[in-house]
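**Student:** Encoded as structure tokens, here's the structure I'll be asking about.
Where a number appears in this text, it was derived from the coordinates with a stated rule and is not lab data. Source: prediction; values computed, not measured. With ideal geometry, Cβ positions are generated from the backbone for all residues, glycine too; neighbour counts draw on all protein chains shown.
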Amino acid sequence: MQTFSPSRVMDEIGQQRGVSGAQNIQKLRVIAKGGASGMNHLKEFIREVPDYPKPGILFYDLTTLLKNPIGFHSLVDNLCEHYAGQKVDAVVGIEARGFILAPALAYRLNAGFIPVRKPKKLPSKAVSVTYQLEYGTDTLEIHEDAIKPGQSVLLSDDLLATGGTAAATVELVRKLGGKVVGASFAVELTFLNGRAKLPGIDVFTMIQYDK
């Protein structure tokens, strides 16, 4: 199987004048086909920022991936491919960066988009869940009429770290009677074992970091 390399693909594309953007994206889809293991090469598009947001933390900045048409299209396409053929009524995006990917997935999967927000951000009556952080607590809210009982719901966010926020979102969905059919993330920090907080859920991530 041919190895996927964003830099190589971009070099090749740059040499092909007159080729449309859509054709470029299709070429990358063919080269990248093969699933999440191939997508780890998208790390080449991710900027690493040391000591942010505090000393000792290495921050993985996805904005450099998202601004690249090839990288962004490939990421969304492969996330959607994992759920192809499954019934998905709605994609729930977790504030704030989940609002970037979730609508794109919802559009491709012919589903609705539902935001999960921080307290006092939603205009109508909401259901809330408070969950534990390393230091203190946090709260998430969803409109009480956002999900109908029995609907199939996919969670979407940019990053799976400790899993606390995702687990709280699962609780919100289930409070409204929704069925969580999966949890989708662009990046997973595997060393934090966030999957352990999402038992019984199909967790799918495209890019993994083990340190």
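**Student:** Calculated FRET efficiency, Y52 and Q132, Cβ-Cβ r, R0 25 Å, to nearest 0.05? Before the final figure, lay out each step's value.
**Tutor:** Details: r = 24 Å, r/R0 = 0.96.
Efficiency, from the Cβ-Cβ distance: 0.55.
**Student:** For region 67-120 and region 121-163, write down the distance between their C-alpha centroids in whole Å.
**Tutor:** Taking the Cα centre of each part, region 67-120 and region 121-163 sit 15 Å apart.
**Student:** Can I ask one more? Report, ordered by chain and residue number, the aspartates and glutamates lying within cross-link reach of K211, taken as a straight Cα distance under 14 Å and ignoring same-chain residues fewer than 8 apart.
**Tutor:** E48, E188
**Student:** So who's got an amide H within less than 5 Å of the one on I207, skipping anything under 5 residues away but keeping other chains? H placed 1.01 Å off N, in plane.
**Tutor:** V187, E188
**Student:** Summing Lys, Arg as +1 and Asp, Glu as -1, what charge do residues with Cβ under 11 Å from the Cβ of V129 carry, V129 excluded?
**Tutor:** Details: positive: R174, K175; negative: D138, E141, E171.
Taking every Cβ under 11 Å from that of V129, the sum is -1.
**Student:** Continuing with this model, one more query. What residues have an amide H closer than 5 Å to that of Q151, excluding those fewer than 5 places away on the same chain, when H is modeled at 1.01 Å from N in the peptide plane?
**Tutor:** Sorted by chain and number, the residues that satisfy this are K179.
**Student:** Take every Cα-Cα pair in region 62-113 and report what % of them are more than 17 Å apart.
**Tutor:** Working: 452 of 1326 pairs.
That fraction is 34 percent.
**Student:** Using a Cα-Cα cut-off of under 22 Å, which lysines could be cross-linked to K125, ignoring same-chain neighbours fewer than 8 residues away?
**Tutor:** K148, K175, K179
**Student:** Aspartates and glutamates within cross-link reach of K87: Cα-Cα under 14 Å, excluding same-chain residues under 8 positions apart?
**Tutor:** Within the straight-line cut-off, K87 pairs with D202.
**Student:** Continuing with the same structure: Could you give each residue of region 41-51 its phi-based ³J(HN,Hα) in whole Hz, using Karplus coefficients 6.51, -1.76, 1.60 with θ = phi - 60°, and x for Gly or Pro?
**Tutor:** 5, 5, 4, 4, 8, 8, 7, 9, 10, x, 6
**Student:** From the phi of every residue in region 130-139, what ³J(HN,Hα) in whole Hz does the Karplus formula 6.51 cos²θ - 1.76 cosθ + 1.60 yield, where θ is phi - 60° and glycine or proline is x?
**Tutor:** Using θ = phi - 60°, the values come out as 9, 10, 8, 9, 4, 10, x, 9, 9, 9 Hz.
**Student:** Gain in length, T190 to T63, computed as 0.36 nm per residue apart minus the alpha-carbon separation, to one decimal in nm?
**Tutor:** Working: separation 127, 0.36 × 127 = 45.72 nm, distance 2.08 nm.
43.6 nm is the gain from fully extending T190 to T63.
**Student:** A follow-up question, please. For region 93-211, what does the equivalent ellipsoid look like in terms of its semi-axes, each the square root of 5 times an eigenvalue of the Cα gyration tensor, given largest first in whole Å?
**Tutor:** 21, 17, 13
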